[in-house]
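Colleague: I am attaching a structure below and will ask some questions about it afterwards.
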Amino acid sequence: MFNNKICVVTGAAQGIGRTVVERFASQSATMVYALDMNAEVLSKAFMGKDNVKPIVINICDREAILSLINQIKSDYGRVDVLVNNAGITRDALIDKMTEQDWDLVIDVNLKGVFNLTQAVAPLMIENNAGSIVTMSSVVGTDGNIGQTNYAATKGGVIAMTKSWAKEFARKGAQVRANCVAPGFIETPMTADLPEKVLDMMKGKTPLGRMGTPDDIANGVEFLASDKSSFITGQVLKIDGGLVL
Ligand SMILES: NC(=O)c1ccc[n+]([C@@H]2O[C@H](COP(=O)([O-])OP(=O)(O)OC[C@H]3O[C@@H](n4cnc5c(N)ncnc54)[C@H](O)[C@@H]3O)[C@@H](O)[C@H]2O)c1
């Protein structure tokens, strides 16, 4: 499904991002750029995969991002798919949340997404083709206790995505922007949550389980592919019915 496509995925070393990279690579993408700041985990993730290029990079480093996208432009002349997946949490109730934790989450989850999209979108518009999928969360639409900073960013990326859907298509370019909003998914991000919290979340989820990275990759694959060519500015919730 991704024949001849050049894909860029952030937060690619583990969890959802890693599964998305593997999905694109196994579906014949020409090249999947797998971006992550965790050099150690990234170095072990995609061994032997000729069409995956792991890149150690911090999405907050604007200069490095610009120079990488320029390099991809000179190598291939295009980026067809961008998946803004990298994201972090620094949870605390509002009275305990430090300014540092506020700033860090805003920087990675919002500014990082801005950095990548600003670098990639003009190239997509120039080529009159492209799909940007950004990872939100059900917390971005419905909020969550202890996640003021995270909720702000996950709601923020929905607003950014809707703006891009309008902005990128205004001169008729077939460049789309959508979000996926996962519920609770089994990844390293949720691995440290207490058993009690995990059981509570499963109990609240009508389908009675946590999601898997494959559940999320299914939605990302659809929105990134030409099968969703008339869909833009949307938020696809993949949460087992958690938020209805
Ligand atoms: N796991 C869940 O339950 C869940 C639910 C809703 C939304 N999400 C969102 O899905 C996305 C992926 O989540 P996950 O659970 O796979 O997370 P994860 O923590 O398992 O993986 C995230 C990856 O992003 C990388 N990363 C973090 N900051 C970075 C930066 N500044 N530059 C480059 N790479 C960076 C990390 O090194 C890590 O490899 C995130 O945006 C997250 O907010 C996850």
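Colleague: How much accessible area per residue does region 93-244 have, counting only protein heavy atoms and a probe of 1.4 Å, in square angstrom?
Modeller: 50 Å²
Colleague: Can you give me the angle between helix 15-26 and the longest principal axis of the chain, using Cα atoms only, in degrees from 0 to 90, rounded to the nearest 10?
Modeller: 30 degrees
Colleague: Residues of region 1-61: accessible area per residue at 1.4 Å, in Å²?
Modeller: Per-residue value: 42 Å².
Colleague: Right, here's the next one. Using a 1.4 Å probe on the protein heavy atoms, what percent of the accessible area of the chain belongs to carbon and sulfur?
Modeller: 52 percent
Colleague: Over the Cα atoms, compute the radius of gyration (one decimal) and Dmax (the largest Cα-Cα distance, rounded to a whole number) for the chain, in Å.
Modeller: 17.1, 51
Colleague: Can you bin every Cα-Cα distance in region 73-141 into 5 Å intervals starting at zero and give me the percent of pairs per bin, rounded to whole numbers?
Modeller: For region 73-141, the binned pair fractions read 3, 14, 21, 19, 15, 10, 8, 5, 3, 1 percent.
Colleague: With angles folded into 0 to 90 degrees, how steeply does helix 195-204 sit against the dominant principal axis of the chain? Use alpha carbons for both and round to 10.
Modeller: 80 degrees
Colleague: Determine the distance separating the Cα centre of region 210-226 from the Cα centre of region 138-193; give it in Å without decimals.
Modeller: When both Cα centres are located, 14 Å separates them.
Colleague: Past 20 Å, Cα to Cα, is the threshold; run LYS53/LYS154; LYS96/LYS237; LYS111/LYS154 against it and keep the listed order.
Modeller: The answer is LYS53/LYS154; LYS96/LYS237.
The values are calculated or read from the model by the stated rules, or taken from the named source; none is laboratory data. Just so we're clear, the structure is a prediction, and the values are computed from it rather than from any experiment. For accessibility, only protein heavy atoms count, side chains too; no ligands or nucleic acids. Shrake-Rupley method; radii C 1.70, N 1.55, O 1.52, S 1.80 Å.
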